[in-house]
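Worksheet for the structure shown next.
The values are calculated or read from the model by the stated rules, or taken from the named source; none is laboratory data. Small disclaimer: the values here were computed from a predicted structure and weren't measured. Here the Cβ is made from the backbone with ideal geometry for all residues, glycine too, and neighbour counts use every protein chain on show.
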Ligand code: SF4
């Protein structure tokens, strides 16, 4: 349960955006911040792409994006959409025909920049296809592919150029009376991204898709994303997020959730609070946490678990978690339930025991949530 009403220093006031639907997922307004990822399989390899979409959905992705670079991919998209448990966004770059085909294939959203797809007639055809098939659009401004006239005007990619680019694309959709869109203004530079996002957040009420593009590998990209997206989310900006990593899409989803969890914006699964460990540890904290992370991956119920090496911080952290374990002496430690010391447990049995306790607590919380509905 959120205790933000008694801890006002934890409040985040979300920017008021209008809400759109990406298939069955609301984005914007007071909807939960949606987590997205993107497949990196060949879209024409339907089986591999569907498997990746399913794995991402299982990890918590609300929406998954798939590249549609050619006609064969448009055909595959139809099957992927049919098999997918979550709405699919079709990533289109310049080719308007791919946009039309993707909307017809059942994509829930097209990632396409209307200013990049050619003359007005083509733009109108894509918008018509989107409208006819209840498909939203994401305008995706990217610092690396800004329009020539803006680069000439501003000399280099900068926040103003990115905002202006975004507003130009928005104007094209609005002139065609199409309002079912969201927008992103991504850059690989954290400062540029953050400033561009602040600018676009002030200039429009469209829902915002947050991302730091080409952020890097698992560790460096996670840090960059946590700083960039974390700051924006903390300011209340962002209705859906995608963490871009040179890593498995499942990792992107996990990192996205961890960012949202850290800010109390969304909860899913077990939030493990653990100490870094030191010479005082009563058991091997690092190995235990690694094992528990794996063994508790199946839990989707939002709950907290503290795994602390010794009594210096253990009892204090356990006070605020659903289940806790604090190392002690002589090969055993103390198990805490709902913040209270409950019983002792030997170190060699504690992993199985903690998994059991967490599963029990998750079932209790699920039953309570069901009863409250
Ligand atoms: S809680 Fe104890 S074991 Fe963990 S880092 Fe702090 S002093 Fe070390």
inquiry  = List pairs: first residue in the range 292-316 and over 11 Å from residue 271 (Cα atoms), second residue near the ligand (Cβ under 10 Å from one of its atoms) and modelled with pLDDT under 90 anywhere in the structure, Cβ distance under 6 angstrom, at least six positions apart or on different chains.
reply    = 308/314; 308/317
key: Failed item, numbered, when residue 213 is tested on (1) over 15 Å from the mean Cα position of the chain (by Cα); (2) modelled with pLDDT under 95   = (1)
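Select the strands (runs of 3 or more DSSP E) contained entirely in the range 277-373, then report the ones holding at least 1 residues which are within 16 Å of the ligand (Cβ to nearest atom), touching a strand residue (DSSP E or B) at 6+ places or on another chain (Cβ under 6 Å) and under 26 Å from residue 250 (Cα atoms). I'd like the intermediate steps shown before the answer.
Details: elements: 303-308, 323-327, 332-337, 340-346.
Qualifying strands (runs of 3 or more DSSP E): 303-308.
Within the range 40-53, can one find any residue that is assigned to a strand (DSSP E or B), closer than 29 Å to residue 299 by Cβ and touching a residue at least 12 places away in the same chain (Cβ under 8 Å)? It would help to see each step written out before you state the result.
Here is the first cut: in the range 40-53, the ones assigned to a strand (DSSP E or B) are none.
So far as the range 40-53 goes, no, none of its residues is assigned to a strand (DSSP E or B), closer than 29 Å to residue 299 by Cβ and touching a residue at least 12 places away in the same chain (Cβ under 8 Å).
Do the conditions hold for residue 17, that is, is it at pLDDT 95 or above, in a loop (DSSP other than H, G, I, E, B) and either more than 16 Å from the chain's Cα centre (by Cα) or closer than 21 Å to residue 205 by Cα (or both)? Reasoning before the result, please.
Details: at pLDDT 95 or above: yes; in a loop (DSSP other than H, G, I, E, B): yes; either more than 16 Å from the chain's Cα centre (by Cα) or closer than 21 Å to residue 205 by Cα (or both): yes.
For residue 17, the condition - at pLDDT 95 or above, in a loop (DSSP other than H, G, I, E, B) and either more than 16 Å from the chain's Cα centre (by Cα) or closer than 21 Å to residue 205 by Cα (or both) - is met.
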inquiry  = Going by what's in this entry, would residue 294 be described as closer than 24 Å to residue 258 by Cα and buried (at least 18 other Cβ atoms within 10 Å of the Cβ)?
reply    = no
ask   = Could you say which residue among 237, 273 is within 16 Å of the ligand (Cβ to nearest atom) and surrounded by 16 or more Cβ atoms within 10 Å (Cβ to Cβ)?
value = 273
ask   = For the range 317-335, does any single residue satisfy the condition of being in contact with a helix residue (DSSP H, G or I) (Cβ under 7 Å, 6 or more places away or on another chain) and exposed (fewer than 15 other Cβ atoms within 10 Å of the Cβ)?
value = yes
query = Looking at the range 216-234, is at least one residue surrounded by fewer than 24 Cβ atoms within 10 Å (Cβ to Cβ) and in contact (Cβ under 8 Å) with a residue 60 or more places away in the chain?
reply = yes
message = If I go through the range 95-139 residue by residue, how many of them are under 16 Å from residue 184 (Cβ atoms) and at pLDDT below 95?
response = 5
query = Which ones in the range 259-274 are under 20 Å from residue 357 (Cα atoms), assigned to a loop (DSSP other than H, G, I, E, B) and touching a residue at least 40 places away in the same chain (Cβ under 8 Å)?
reply = 268, 269
